[in-house]
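Every number here is computed from the coordinates shown, using simple stated rules; none is lab data. Keep in mind that what you see is a predicted model, and the values were worked out from it rather than measured. Cβ atoms come from the backbone with ideal geometry, glycine included; neighbour counts cover every protein chain shown.
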Amino acid sequence: MEYHFFPLFEPKTYLQILRQVVETQPDAVLFAPLFHDESAWLIAETTKLGIPKVMINTQIEGTDALSYIGQDSYQSGVLAGRLLNFGLNDGDHAMVLNLDKEVPGARHLLAKQQGFKDFFNRPGGKNIEIHTAVFEAFDNPAEMKTWAMHLLEQNPKLKGFFITNSRAYKFVEVLDHQTMEGIKVVGFDLIAPNLRLLEENKIRFLINQNAWRQGYQGIHTLVNHLVLRKEIPVQQYLPLDIIVRENASYYLERPVELPLAML
């Protein structure tokens, strides 16, 4: 196996690395298509060369990829809406907040956002106004605090936040205790700072994207295709695990896996 890493916010560098990957003429490719256009190039080139590929984390539909492994991004947005809805009252406002660089074509983020909006737009639900925002200076706590406090002062009805990636802790950590008392937060991923704030009840829910399982199952899928010649399902959706402080410890105990040849 060969591993190729790329900067999260540099599509041009990502494309350069994809070109290097193709030049090595691998037997198969397991990749996360973060940038749509650049990933479309990889898909076209591997198709031309007869190289099988599996996508994880983000799905590009209508390709000849062997399989997609990960969550249904749209449904994860719907789930986030349902979870926030428990703590919101009729007339409150909620926000889909992406703590990231603006990434054109990041389809998984757009799908999460749409799922969240669609949940609150369903007939018979609470009257919740939805806002969206992208904040790029997430690594600057002082700038984030200024932005967050101004946001909440301008909109005192804003009571719920859906953070679309693993950086929920960066938002929560800049808010003081008094401000957090009226705020409900749903985020992603079981990383240490998120888990600490979950335990402190400053993050109400985490949705587990199970990145470890995506990688493991991706290699398992390629072995099944290349070695065992098994039929591969086009979509392998992973469960949307809802994590609260009472059950978080159970999800941190990684199961013992069987050798791939035995599965």
Original post:
Computed FRET efficiency, Cβ-Cβ of Gln178 and Thr146, R0 22 Å: what is it to the nearest 0.05?
Top reply: 0.80
Original post:
Expressed as a whole number of Å, what is the distance separating the alpha-carbon centroids of segment 13-47 and segment 65-80?
Top reply: 21 Å
**OP:** Tell me the chymotrypsin sites (Phe, Trp or Tyr not before Pro) within segment 70-119 that lie in a loop according to DSSP and have at most 16 other beta-carbon atoms within 10 Å.
**Re:** Phe86
**OP:** Express as a percent, rounded to the nearest 5, the fraction of DSSP beta bridges in the chain (both residues included) that run antiparallel.
**Re:** 10 percent
Subject >> Theoretical ellipticity at 222 nm over the chain - DSSP helices of four or more residues, -39500 (n - 2.57) apiece, nearest 500 >> reply: -12000 deg cm²/dmol
Original post:
Taking Cα pairs under 8 Å and at least six residues apart, what relative contact order does the chain come out at, in percent?
Top reply: 19 percent
**OP:** Scan (1) 211; (2) 115; (3) 139 for the value of volume of the Cα convex hull per residue in Å³ calculated from this model and give just the label.
**Re:** (3)
Subject >> Asn127-Ala44 pseudo-label distance in nm [points 7 Å out on the Cα-to-Cβ vector] >> reply: 5.0 nm
Subject >> Whole-number percent relative contact order across segment 10-62, with pairs defined as alpha carbons under 8 Å at least 6 apart >> reply: 43 percent
Original post:
Tell me, what ³J(HN,Hα) does each residue in segment 43-52 have, in order and in whole Hz, if you take phi through Karplus 6.51 cos²θ - 1.76 cosθ + 1.60 with θ = phi - 60° and put x for Gly and Pro?
Top reply: 4, 5, 5, 5, 5, 4, 8, x, 9, x
**OP:** Mind counting lysine pairs for me in the chain? Cα separation below 15 Å, and the two need to be 8 or more apart along the chain or on different chains.
**Re:** 13
Subject >> Alpha-carbon centroid distance for the pair segment 84-134 / segment 205-252, whole angstrom >> reply: 25 Å
Subject >> Hz values of 3J(HN,Hα) by residue in segment 68-81 - Karplus curve (6.51, -1.76, 1.60), Gly and Pro given as x >> reply: 10, 10, x, 8, 7, 4, 4, 5, 5, x, 4, 4, 4, x
Original post:
Taking neighbour counts of Cβ atoms within 10 Å as a proxy for exposure, in what order, fewest first, do Asp189, Asp118 appear?
Top reply: Asp118, Asp189
**OP:** Taking the Cα centre of segment 73-208 as origin, sum charge times position over the Cβ atoms of Lys and Arg (+1) and Asp and Glu (-1), and report the length of that vector in debye to the nearest 20.
**Re:** 440 debye
Original post:
Modelled label-to-label distance, Gln16 and Lys157, 7 Å Cα→beta-carbon offset: nm?
Top reply: 4.9 nm
**OP:** Over 23 Å, how big is the tail of the calculated P(r) for segment 73-208, in percent of all Cα pairs?
**Re:** 26 percent
**OP:** Evaluate the relative contact order of segment 73-208 (contact order divided by residue number), counting alpha-carbon pairs under 8 angstrom at least 6 apart; express in whole percent.
**Re:** 28 percent
Subject >> Sparse-neighbour loop sites [GluC sites (Glu not before Pro); segment 152-190; at most 12 other C-beta within 10 Å; DSSP] >> reply: Glu181
Subject >> Lys159, Lys112 arranged by Cβ crowding within 10 Å, fewest neighbours leading >> reply: Lys159, Lys112
Original post:
Hey, rough spin-label estimate for Ile51 and Leu110, points 7 angstrom out along Cα→Cβ, what's it come to in nanometres?
Top reply: 2.6 nm
Original post:
Rounded to the nearest 0.05, what FRET efficiency do Thr24 and Val134 have when you use their Cβ-Cβ distance and R0 = 25 Å?
Top reply: 0.10
Subject >> Ascending count of other beta-carbon atoms within 10 Å, so fewest first, for Val134, Val186 >> reply: Val134, Val186
